[in-house]
Amino acid sequence: NLWGNNIQLREQKDTWEEAPKDTYILTVPPEEASAKRTVVEIEFRRGDPVAVDGEELGPVALIDTLNKVGGRCAVGRFDVVENRISGLKTREIYESPAAAILLAAHRALSSITLEREVVHFKDALSQKYADLVYEGKWFLPVREGLEAFFLKINESVTGSVKLGLCRGAITVLGRKSPHSLFAPPQERGTPPSSPFKLAR
């Protein structure tokens, strides 16, 4: 679908064997991708991606663009052993270049716009939110409550992130935001002395 591709490896009897190369359709093999780094800049407004390399795009066009760019760089391959609701474990191959790029970019921007406690709390709730959606519990009040939380904290997640894509790797090269909480070393001043002194 638009978001990516997933294949369940039913023919393989164990988790040691490498997935067949023809399993992948959106991404080139890392060894066949260009060794030259591709730089991409993504702009966010209130947590939502709105532009790639300075060009504003709607959600569909933005995801399609990043899937193609990331696919050429072998980005977004995931070999996953899933824990099914039934209790069974299945091995699946996911290809989601756009999702991998956007997740890395959003985390990078959040790192300078969200306070420490919010970042730590968000990480735990993000997994819970994903579990609820995976289990088909979209309309539960708890999912709606989490949605309100994420909308609130994303109010300050506005800015741009620069990423380097190369042979399956995503590297954060830079991030900037009008709501940045980052203070350069020269602006931090001398930290206050501790009220607790060691006895000598």
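The values are calculated or read from the model by the stated rules, or taken from the named source; none is laboratory data. What you are looking at is a predicted structure, and each value in this text was computed from that prediction instead of being measured. Cβ placement follows ideal geometry from the backbone for every residue including glycine, while neighbour counts extend to all protein chains displayed. Just the protein is used for accessible areas: all its heavy atoms, side chains included, with ligands, DNA and RNA removed. Shrake-Rupley method; radii C 1.70, N 1.55, O 1.52, S 1.80 Å.
Here are some notes:
- Strands (runs of 3 or more DSSP E) wholly inside the stretch 1-55 containing at least 2 residues that are polar (S, T, N, Q): 5-8
- Top-ranked residue in the stretch 160-186 [being among the aliphatic types (A, V, I, L, M) and open to solvent by less than 40 Å² (accessible area, probe 1.4 Å); ranked as nearest to G70 (Cα to Cα)]: L165
- Every condition in (1) outside any helix (DSSP H, G or I); (2) crowded, with 18+ Cβ neighbours inside 10 Å; (3) more than 15 Å from the chain's Cα centre (by Cα); (4) of a type outside the set (F, W, Y) holds for V75 except the one numbered (3).
- Of all the listed residues (F150, F139), the sole one being modelled with pLDDT of 95 or more and closer than 28 Å to D64 by Cβ is F150.
- Test: P141 is of a type outside the set (S, T, N, Q) and either open to solvent by less than 50 Å² (accessible area, probe 1.4 Å) or under 30 Å from L9 (Cα atoms) (or both): no
- Residue selected from the stretch 34-71 under the condition of a type in the set (K, R) and in contact with a Leu (Cβ under 9 Å, 6 or more places away or on another chain), by the criterion surrounded by the most Cβ atoms within 10 Å (Cβ to Cβ): R37
- Some residue of the stretch 25-33 being in contact with a Lys or Arg (Cβ under 6 Å, 6 or more places away or on another chain), among the small types (G, A, S) and open to solvent by less than 50 Å² (accessible area, probe 1.4 Å): yes
- Total residues in the stretch 89-141 satisfying the condition of being closer than 21 Å to V157 by Cβ and either more than 12 Å from the chain's Cα centre (by Cα) or among the β-branched types (V, I, T) (or both): the figure is 20.
- Flag for A105 being at pLDDT 95 or above, outside any loop (DSSP other than H, G, I, E, B) and surrounded by 11 or more Cβ atoms within 10 Å (Cβ to Cβ): yes
- Residue match in the stretch 11-27 (condition: free of Cβ contacts under 8 Å to residues at least 12 places away in the same chain and either in contact with a Phe, Trp or Tyr (Cβ under 8 Å, 6 or more places away or on another chain) or of a type in the set (V, I, T) (or both)): no
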